[in-house]
Amino acid sequence: MKFTELGLNESLLKAVKEQGYTEPTPIQAQAIPVVIEGRDVLAAAQTGTGKTAGFTLPLLERLSETKPQMKKKQIRVLVLTPTRELAAQVADSIATYGKYMSYKSMVIFGGVGINPQFAAIKKGMDIVIATPGRLLDIASQDGIDFSAVETLVLDEADRMLDMGFINDIKKLMAMMSKKKQTLLFSATFSKEIKALASGLLKDPVLVEVARENSTAGKISQVVYPVDKSRKRELLAQLIKTNDWKQVLVFTRTKHGANKVCKQLEEYSGIKAAAIHGNKSQGARTKALADFKEGRVRVLVATDIAARGIDIDQLPHVVNFELPNVPEDYVHRIGRTGRAGMKGEAVSLVCIDEHDLLKAIERFTKSNIKKVDLEAFRPDPSIEAEPIQNGRGGGKRGGGQRNGNRNGNGNGGRANSRNKKPSKNKPANNKPENDKTPTEKKKKPRNPHAEKIGSNLQAKLDKLDKKSNRRK
Ligand code: AMP
């Protein structure tokens, strides 16, 4: 299959060619023609499959085909995303592929001033890419008119629901015409997603592709057993001895991200930046740009902040701490080995995390290679301490128990380790929650209130089975 066979105009083909893409990815080959046709699409696809171009290219094509008279505050295409980073990334894709077309687009998210956003939409927009919370703020103040929306895209719909956006999404949907085209992208198909899809999609075309870079594929994975107090030292050594130029490091908490970042700079002279929900939008954008352009070598991120980060050819991902949820491991390591490149995922695993590691191995049906580094061999006298599980639970003492709390940078060995669980959880040592106060909403009590049409239900079940088989 060639890009020229998909029904895209010359301007789009020229822009695609400049990106150096030789052929469409499977999701692009399946989605682009049907989106151009105007069909609804239900797609099972994760990041890394080329899904962004899979919807931005045909949307730009459709926009170029008609030129309706727009009224004030009206928009033609709305893309909803769970995070600001993903919104910015979609906007970048649109700018890349639409560079030889004329259209107006803008990004709307929280954490930045709202007034410039009101002012910009006032003139009307072809494409708006938004996170649900801020968009609803604007809509409820009559700042946007959805009556002319031709296409709605829900990108990473499962993440949006995970983050509690269902009510915001429903309120936004209620303001839009039922006639529009809807595209729903989701990596998983929970009951909530099925309920949402059934209320939104009309006879959708199912598009499903296995992630090209499954955990067993182009990503090599390795575990280094190490004491918690020596992780920072080991990380610095790995970066220096292997001469890693660009490393994405994951921590479980915002506090942990700041700490790793500070320690890498102070004790090892390695330039690092942290990215998480407590950082201002400006700081997050700058950190990402500095990382992409090589001004900082290490980007330390929490799971939520890292969603939507798209860096071509990112070679190394390090799990400084394993995630509580095995799916997050797959999402994390999927940041490397993208678009056919090779990648390496390294996990620094202390004794507390052995159960998490087992759960990850069960989930990915793999036995991850363990490398015993003599200089960092764990102290056998250290006993495991419990880690609170679940996204909602803070990690007891995760930052506190780090031996580097002595500030000597050597980490020290086990002797300073708590034997009993500490009750003094640091206030900011919470799992990431990426919502601004206005975006924070309670989860719905009964997310399955809507009835699911039998036809769509069958299609959803089919996708469900397939995605379960992939697991
Ligand atoms: P996505 O799944 O949209 O996050 O895209 C993952 C990565 O694949 C991005 O870095 C894109 O630039 C890249 N990409 C998208 N389409 C293609 C293609 N047809 N060939 C090669 N790389 C692509």
**Q.** Selection status of residue 25, within 13 Å of the ligand (Cβ to nearest atom) and of a type in the set (Ser, Thr, Tyr)
**A.** yes
Q.
Could you check region 347-368 and list, in sequence order, the residues that are modelled with pLDDT of 90 or more and of a type in the set (Ser, Thr, Tyr)?
A. 347
Q) What is the one condition in (1) touching a helix residue (DSSP H, G or I) at 6+ places or on another chain (Cβ under 6 Å); (2) more than 23 Å from residue 196 (Cβ to Cβ); (3) within 12 Å of the ligand (Cβ to nearest atom) that residue 56 does not satisfy? A) (2)
Q: Look through 86, 154 and report the one residue that is closer than 28 Å to residue 191 by Cα, out of contact with any strand residue (DSSP E or B) (no Cβ under 8 Å at 6 or more places or on another chain) and in contact (Cβ under 8 Å) with a residue 40 or more places away in the chain.
A: 86
Q. When you look at residue 4, is it free of Cβ contacts under 8 Å to residues at least 12 places away in the same chain and either within 15 Å of the ligand (Cβ to nearest atom) or under 29 Å from residue 303 (Cβ atoms) (or both), yes or no?
A. yes
(Q) Against the condition more than 9 Å from the ligand (Cβ to nearest atom), in contact with a Leu (Cβ under 9 Å, 6 or more places away or on another chain) and in the same structural domain as residue 130 (by TED's automatic domain parsing), how does residue 92 come out, does it pass? (A) no
Q: Out of 107, 79, 112, report the one residue that is in contact (Cβ under 8 Å) with a residue 24 or more places away in the chain and surrounded by 21 or more Cβ atoms within 10 Å (Cβ to Cβ).
A: 79
Q: Check region 369-379 and report whether any residue there is over 22 Å from residue 248 (Cα atoms), surrounded by fewer than 18 Cβ atoms within 10 Å (Cβ to Cβ), in contact with a Pro (Cβ under 8 Å, 6 or more places away or on another chain) and at pLDDT below 90.
A: no
Q | Qualifying positions in region 358-381 - hydroxyl-bearing (Ser, Thr, Tyr), under 15 Å from residue 322 (Cβ atoms) and not in a helix (DSSP H, G or I) | A | 366
Q: Determine whether region 186-208 contains at least one residue that is modelled with pLDDT of 90 or more and basic (Lys, Arg).
A: yes
Q: Kindly indicate the residue of region 219-230 that is of a type in the set (D, E, K, R) and in a helix (DSSP H, G or I) and also nearest to the chain's Cα centre (by Cα) among those meeting that condition.
A: 228
Q: Look at residue 67 and say whether it is of a type in the set (Lys, Arg), in contact (Cβ under 8 Å) with a residue 24 or more places away in the chain and either more than 14 Å from the ligand (Cβ to nearest atom) or under 27 Å from residue 167 (Cα atoms) (or both).
A: no
Q: Among the residues of region 95-122, write down those that are away from the ligand (no atom under 16 Å from the Cβ), among the small types (Gly, Ala, Ser) and assigned to a loop (DSSP other than H, G, I, E, B).
A: 102, 110, 111, 113
Q. If you take the residues in region 31-52 that are modelled with pLDDT of 95 or more and in a helix (DSSP H, G or I), which one is farthest from the ligand (Cβ to nearest atom)?
A. 37
(Q) Quick check on residue 49: is it touching a helix residue (DSSP H, G or I) at 6+ places or on another chain (Cβ under 8 Å) and either buried (at least 24 other Cβ atoms within 10 Å of the Cβ) or without any contact (Cβ under 8 Å) to a residue 12 or more places away in the chain (or both)? (A) yes
Q) In this structure, does residue 178 turn out to be surrounded by fewer than 17 Cβ atoms within 10 Å (Cβ to Cβ), assigned to a loop (DSSP other than H, G, I, E, B) and at pLDDT 90 or above? A) no
Q) When you go through 74, 117 one by one, which is the residue that is without any contact (Cβ under 8 Å) to a residue 40 or more places away in the chain, in contact with a helix residue (DSSP H, G or I) (Cβ under 9 Å, 6 or more places away or on another chain) and under 21 Å from residue 141 (Cβ atoms)? A) 117
Q. Would region 146-161 turn up any residue that is on the phi > 0 side of the Ramachandran plot and at pLDDT 90 or above?
A. yes
Q) Only one of 61, 18, 10, 23 is surrounded by fewer than 24 Cβ atoms within 10 Å (Cβ to Cβ), within 30 Å of residue 198 (Cα to Cα) and in the same structural domain as residue 124 (by TED's automatic domain parsing); which? A) 61
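The values are calculated or read from the model by the stated rules, or taken from the named source; none is laboratory data. What you are looking at is a predicted structure, and each value in this text was computed from that prediction instead of being measured. A quick note on method: Cβ atoms are made from the backbone with ideal geometry, for glycine too, and the neighbour counts reach across all protein chains shown.
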